[in-house]
1. Only one of (1) open to solvent by 10 Å² or more (accessible area, probe 1.4 Å); (2) under 18 Å from residue 277 (Cβ atoms); (3) in contact with a helix residue (DSSP H, G or I) (Cβ under 7 Å, 6 or more places away or on another chain) is not met by residue 364, so which one is it?
2. Do the conditions hold for residue 149, that is, is it open to solvent by 30 Å² or more (accessible area, probe 1.4 Å), charged (D, E, K, R) and touching a residue at least 60 places away in the same chain (Cβ under 8 Å)?
3. Just checking, which of 361, 372 is in a loop (DSSP other than H, G, I, E, B), touching a Leu at 6+ places or on another chain (Cβ under 9 Å) and within 15 Å of residue 338 (Cα to Cα)?
4. Condition first: more than 30 Å from residue 34 (Cα to Cα), in contact (Cβ under 8 Å) with a residue 12 or more places away in the chain and touching a strand residue (DSSP E or B) at 6+ places or on another chain (Cβ under 6 Å). Can you find one or more residues in the range 175-189 that meet it?
5. Restricting to the range 512-541, give me the number of residues that are modelled with pLDDT of 70 or more, part of a loop (DSSP other than H, G, I, E, B) and of a type outside the set (Ser, Thr, Tyr).
6. From 139, 132, grab the single residue that is buried (at least 18 other Cβ atoms within 10 Å of the Cβ) and in contact (Cβ under 8 Å) with a residue 24 or more places away in the chain.
7. Going through the range 90-121 one residue at a time, which ones are open to solvent by 20 Å² or more (accessible area, probe 1.4 Å) and among the hydroxyl-bearing types (Ser, Thr, Tyr)?
8. Among the residues in the range 195-209, are any in a strand (DSSP E or B), modelled with pLDDT under 95 and surrounded by 18 or more Cβ atoms within 10 Å (Cβ to Cβ)?
Amino acid sequence: PAWESSERRTLAEVLTQVPNYIIDKGDDGCREVVSYVDGVVMFTDLSGFTALCEKYAESDEKPHTNGEKIPSRGVDALTASLNDYLGRIVQDLMCANGDILKFAGDAILTLWQCDESQFPATIDRVVTAAINIQCKMDNYMTEVGVNLRVKIGIAVGCVIFYHIANDNERHFGEAGQTIEEVNIAQSSASSGTVVISPKAWDLLEQKLFSYNILENGYVEINRRSSLSKTLQTFMETRDPTKTDIFNNTPEPECLRLTQLSKVSEKDEAIYRMYTNQNVISKLDACAELRWLSEIRTVTVMFLEVHLSDYNPDNHVDILNTIQLSFTIIYDQMTRMLGTINKLYMFDKGCTFLIIFGMPGKKHEDEPTRALKAADNIMKDFHTKNLEASIGITTGRAFCGIIGHPQRHEYGVIGKSVNLAARLMSNYPKRIACDDTTRTLSNLDPQDFLKLSYIKMKGVPSNNVHYEYKIDRRKDRLFSTFIPPQQIEDDGGKIIGRVEEMKIFEQELAKLLEGDKDHIPASGSEQVKSIVMKIESATGMGKTRLLQEMKNVAEKKKVRVIFAAAGAVEHATPHFAIKLF
């Protein structure tokens, strides 16, 4: 069977991270390409997830609405709650033959590929599935008293896919008139409703539905007179309660993974490039993905590349611009240890979600890194006649796997994520940040300008936000920030630190002597492990000393595993283990 080997299981898990569209596309030999797909698109927007994350993150007991005490709950309970709810929705979408293109935080974008002759029947199926989801999942009260709501937008037509890539990563974004219409439909919907585009409405069997035509011409669908027996039976073939994303081992007969048999292992490298690197590192280490779920302090950057001046029909120019932007952004993220988490294409722009502080890339100066990376990107964009808007925030957020056992992704959810997106949208063509990021960065206060107040959803009116804008006319005797590099051999010799290196080499020799593959010297005690602590004030060369120790160890054929953690992670259980 296809699932017997560990290699095949790893491939299967990688496939759960990417949509059917990518699996069917395979490796066509092109990294940067534009493709066109006809079909029906559904945008499912979920509200209440941020409040749910905040509730589970509370460390103290607080009274429930009925006066009872709610015990402090951990990230495992939060993960289970999120994926129980999301998994049921994804279950219904897949049972209706939907392809989950992307999880956008607390939203889901789904595609039903079909040609124009199949539009009417497919729209009927999609609208019926949407109503079914609303009936089961809207007004969903969680065990901690947070009410989750759903609103859904639907559109039909051609979806344009832009694919960008380098030697390490691949991303795709959805664009075009159909994506704009599904975004408008979702924005026009209120919680508990389904709204479809005018084109979708014209193709729908209207007499079967109760509806209300909105002022903008979009149509709110209230209910269907009855579900067709065929579709109702099909949607009830799976048990919606069995959505434990970690404890259900996928079987060959599962909905999506029947495709596994037609996937070549030679294409696995392509699918891995579309998958979050945190996930890949866990899979390569044969570790469970549950360890990726945590509430951690991160710095979030939303960056929108402006495309409004481009002819929307000139897809090649748009693709080239997105690819150039990606190259500039990726170079800065590599230098500053940021991670590109998602790529979105809404509102006539291309938006990158970037996270600083992911496992293996944790540093206490993430706010500084994010601001300096943003400034460098703006400078590089200026030389290429590109424009961007950037929002940066710092705070605790849920980071981990969200979705269904057969289709899930690594996501980040929290107030800081929402705020970064709103800062980007409300303060265009500048670098906007929250006060936490400004304070923790320790950068020159003169480089921050207080922004005028703009009312934003979910943001208290007393919050103060700033623009990071370096006055390049000022004379500076030295750079305000030089990012510590990852520990790599720079080919140079360390100056001084003779005593420290002598101690390290002595301890390393004891460790090697006590290794099971070596015979310990006569009379010597076998050493199985050594712990060394290096402590000093900031700027005294700890990173350079560690680099030299790494170089010495590797020359002796010792495997070196590097991890970085800070005081901000003291409340995260098993954080050091998760770094690996």
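The values are calculated or read from the model by the stated rules, or taken from the named source; none is laboratory data. Small disclaimer: the values here were computed from a predicted structure and weren't measured. With ideal geometry, Cβ positions are generated from the backbone for all residues, glycine too; neighbour counts draw on all protein chains shown. Ligands, DNA and RNA are excluded from the accessible area calculation, which covers all protein heavy atoms including side chains. Shrake-Rupley method; radii C 1.70, N 1.55, O 1.52, S 1.80 Å.
1. (2)
2. It is true that residue 149 is open to solvent by 30 Å² or more (accessible area, probe 1.4 Å), charged (D, E, K, R) and touching a residue at least 60 places away in the same chain (Cβ under 8 Å).
3. Residue meeting the stated conditions: 361.
4. Yes.
5. 11
6. Result: 132 is the single residue among 139, 132 that is buried (at least 18 other Cβ atoms within 10 Å of the Cβ) and in contact (Cβ under 8 Å) with a residue 24 or more places away in the chain.
7. Hit for the range 90-121 is 117, nothing else.
8. So far as the range 195-209 goes, yes, one or more of its residues are in a strand (DSSP E or B), modelled with pLDDT under 95 and surrounded by 18 or more Cβ atoms within 10 Å (Cβ to Cβ).
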